[in-house]
Amino acid sequence: MTWTDITLTVQTPMFLGGVDLPGDVTTPSGGRPRPPTKVVFPVPSLRGALRYWLRALVGAHLPPSREGLLTLADVERRVFGTASREEGGTPTPGDRSPARRSPSTVIIRSRELVPFVRPYGPASQLDDAQEEETPGGRGTRRTGRGQGGRGGNYKDKDREAGGTVTYLLGQGLFQDKKLVVGHVPAGCKIRLAVRLDGHADDQSAVGDLLIASLWALATFGGLGQRARRGFGTVAVKVDDVVDLPARRFSTIFLSKPVEEDAAAKLRLVLGGVRLVLADLGVEHLPVGAPRLLDGSGGPLPPDYPCFRPGRYLLADDVPERPARDVDAALRYVAGQLRGFRANGEPSAADQPRSQDYVEVIGPWLDGTLPSPEQALDNSALGLPTGYARPVSGGKPDTAMVSPRLDGAEIRRASPLWLRPYPSGDGWHLRSLAFLDRFLPDGATLVLTGERAGQSIDPHVMPAPTQADVDSRLREWF
């Protein structure tokens, strides 16, 4: 089958770890911005994101049972294949069958190198580093604040809407006033070639599910690190007249503006995915099937993020004064999130510390154990969570809230996706929360930390209930 050219336009800086970089990147640049280099775009990061959104769309139509999970795995295998026994599943003892390997029906290749800003440079380099396609060719020109401000000025002194972009970056990307992970700048183009295996069955269904997954990625998510906090967002455009084989969707659908009514389009996409499952002969929940209820009479939470009715929240926020560039848009997101953590509702942050810190973390660092009734509300936004308290002339006091199960530390990514996007009057903010099962039964929270350079005895706290998590997320909306 012939290749279809697809272009991803990076709308907010895309932080990618683990890419191969030429030259020395292990030392700071002496205060000077590093010039962008060119790298191979890591296609596996895109493939992983597409798997996530495929599961979210298909899972909306499957029963919350072991059979439903097996069906989901089978649909995912038909589209993206399985690369190893581990991915395909571990055989039971005595099972001598070969590993369940299958190649991906969807084949994705990078057409060209992409601009990449090296790590370990000063944060202000983001002002100068992005490149754009020049009219009439594939050359690049430098752009910066004076030419539209599309780079990303990540300076702490800039506190528009009560937030700084460094607040969104977190310690994993921003340390000692330096960006420690490289990124593809906003405005860059990622040119890809896509085709479907010509020997695969159900090509049109695979094409449909690929298009639906690309649409969900562009509408709600992003690529790379901190994608749930607004980084790595992309717009999708199909460049070639050669279309992917599809029956229920068209790639023209991908080029529709992302600012169009997301809730209405999601209903259309979910309806199309239901038809695709029928095309594949997959048993799924019928239209209008009664909702499965939990013990309190609410919709039963799924075991993974998906668009099951009643188990996700979606809203678009149009600021009174929409941001005019990506810098201000990300600062707005930071201000909203920081204010929510501190005050319980999206707003400009007028408190430097969250209620969790004031009532639990700070007193614990001072030697006061939390009472059993005290809770950490912001645990609902992802775990583990770290805290630091500056100490004059010394090492900061630190605390970490981690979930554990049977003595082993586990992780829980944030259920809340924040997606800033450009619209006609400026940048808006789209929020999506999946109300899937947050923590497994039996999980606890453990407080660990250091005070005055000495370890503090760990303290065990009850984990938030599913009702607590759902309630906290609903407060955002």
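Read the figures in this text as sums done on the coordinates, not as results from a lab. Keep in mind that this is a model prediction, so the values were computed, not measured. Positions of Cβ are generated from backbone atoms using ideal geometry, with glycine treated the same way; all protein chains shown enter the neighbour counts.
Key figures
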{"item": "Spin-label zone in segment 186-208 - amide nitrogen under 16 Å from a point set 7 Å from the Cα of residue 111 along the C-beta vector", "result": "188-196"}
{"item": "Chain lengthening between residue 423 and residue 366 when straightened (0.36 nm per residue, less Cα-Cα)", "result": "15.8 nm"}
{"item": "Inter-label distance, nm, simple model (7 Å from Cα along the C-beta direction), residue 324/residue 444", "result": "5.5"}
{"item": "Prolate/oblate/rounded label for segment 361-477 (Cα gyration tensor, a/c 1.5)", "result": "oblate"}
{"item": "Computed lengthening from residue 197 to residue 52, 0.36 nm per intervening residue step minus Cα-Cα distance", "result": "50.1 nm"}
{"item": "Extension gain from residue 455 to residue 3, taking 0.36 nm per residue of separation minus the Cα-Cα distance", "result": "157.0 nm"}
{"item": "Long-range amide H partners of residue 446 with built H, under 5 Å", "result": "402, 404, 461"}
{"item": "Built amide H within the under 5 Å cut-off of residue 39, gap 5+", "result": "114, 116"}
{"item": "Ascending count of other beta-carbon atoms within 10 Å, so fewest first, for 438, 253", "result": "253, 438"}
{"item": "Given 38/178; 177/256; 189/265, the pairs whose alpha carbons are separated by over 29 Å", "result": "177/256"}
{"item": "Distance in nm between pseudo-label sites at residue 343 and residue 355 (7 Å out along the Cβ direction from Cα)", "result": "1.3"}
{"item": "Pair residue 255, residue 471: separation of 7 Å Cα→Cβ label points (nm)", "result": "4.9"}
{"item": "Cβ-based net charge around residue 114, under 9 Å, with every Lys or Arg adding one and every Asp or Glu removing one", "result": "+2"}
{"item": "Percentage relative contact order, segment 207-253, counting C-alpha pairs under 8 Å, at least six apart", "result": "41"}
